[in-house]
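Some notes on the structure that comes next.
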Amino acid sequence: MAVRQIVYIPDPVLRRKAHKITTFDADLKKLIDDMVETLRDAPGVGLAAPQIGLSERLVVVEYGKEDENGDEVGPKKLYAVINPEIIEASQETEMGIEGCLSVPDLVGEVERAVKIVVKAQNKQGKPIKIKAEGWLARIFQHEIDHLEGVIFTDRATRVWKPSEEEKETIKD
């Protein structure tokens, strides 16, 4: 495993629609391992392949359950999803503050669906579905946006440079 270099705006790979993955082999498994290590090193809660310079439809997310205050509790769960698409999204939305590993020093308020269902493939190429709500749903929406060349600042109602105090509470 290796930590990969995270790319930042305005790198053009972040604005490209990522290519579908069709080969599920040892190279893909190594890429997933590298992305997980990169995510943990950053540290963050989600990472899309374009964020390490690869225009491929691959996302890794690592996040735990939340308590009633929205704080992580219990062990984190790791997701590695290939070719993800959101197939259901709740009508109910909520605003939340997002940051991004590829957009350092900025955060923004973004409206997202509260619940989603993601259809994807696992690292063996088998179909999977993930039901997500709350911050986990927000993370998946943010990362899948990266695969479409969309950055959170494109969806934000306002963007600002966070204070040191705010940085501690924002999930990248």
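The values are calculated or read from the model by the stated rules, or taken from the named source; none is laboratory data. As the structure is a computational prediction, the values presented were derived from the model and not from experiment. All Cβ positions, even for glycine, are placed from backbone atoms using ideal geometry, and neighbour counts span all protein chains on display.
List the number of the failed condition for ASP27; all other conditions in (1) assigned to a helix (DSSP H, G or I); (2) over 15 Å from CYS100 (Cα atoms); (3) in contact (Cβ under 8 Å) with a residue 24 or more places away in the chain hold.
Unmet for ASP27, out of (1) assigned to a helix (DSSP H, G or I); (2) over 15 Å from CYS100 (Cα atoms); (3) in contact (Cβ under 8 Å) with a residue 24 or more places away in the chain: (3).
Restricting attention to the stretch 116-153, which residues are out of contact with any helix residue (DSSP H, G or I) (no Cβ under 8 Å at 6 or more places or on another chain) and among the charged types (D, E, K, R)?
Within the stretch 116-153, LYS119, LYS126, LYS129, LYS131, GLU133, ARG138, GLU143, GLU148 meet the criteria.
Regarding GLY64, is this residue buried (at least 19 other Cβ atoms within 10 Å of the Cβ) and among the small types (Gly, Ala, Ser)?
no
What is the number of the single condition among (1) closer than 17 Å to ASP145 by Cβ; (2) under 15 Å from the mean Cα position of the chain (by Cα); (3) in a helix (DSSP H, G or I) that VAL13 does not meet?
The failed condition is (2).
When the stretch 139-154 is examined, which residues are found to be over 22 Å from ILE32 (Cβ atoms) and part of a loop (DSSP other than H, G, I, E, B)?
Result: VAL150, ILE151.
Being touching a Gly at 6+ places or on another chain (Cβ under 9 Å) and either within 26 Å of GLY53 (Cβ to Cβ) or loosely packed, with under 13 Cβ neighbours inside 10 Å (or both) narrows it down to one of GLY134, GLY149, GLY108, GLY125, so name that one.
GLY108
Just to check your reading of the model, which residue among VAL59, VAL45 is of a type in the set (A, V, I, L, M, F, W, C), in contact with a Gly (Cβ under 7 Å, 6 or more places away or on another chain) and crowded, with 18+ Cβ neighbours inside 10 Å?
Of the residues listed, the single one that is of a type in the set (A, V, I, L, M, F, W, C), in contact with a Gly (Cβ under 7 Å, 6 or more places away or on another chain) and crowded, with 18+ Cβ neighbours inside 10 Å is VAL59.
Would you mind listing the strands (runs of 3 or more DSSP E) fully within the stretch 33-138 where at least 2 residues are within 25 Å of SER163 (Cβ to Cβ) and not aliphatic (A, V, I, L, M)?
In the stretch 33-138, the matching strands (runs of 3 or more DSSP E) lie at 58-66, 93-98, 107-113.
Could you give me the residue pairs with C-beta distances under 7 Å whose first residue belongs to the stretch 1-16 and is more than 15 Å from GLU56 (Cβ to Cβ), whose second residue is modelled with pLDDT under 95 and loosely packed, with under 14 Cβ neighbours inside 10 Å wherever it lies, and which are 6+ apart or on separate chains?
From the stretch 1-16, the pairs are TYR8/PRO104.
Those residues that are in contact with a Cys (Cβ under 9 Å, 6 or more places away or on another chain) and within 14 Å of GLU85 (Cα to Cα), I need them from the stretch 113-172; list them, please.
Selection gives HIS142, HIS146.
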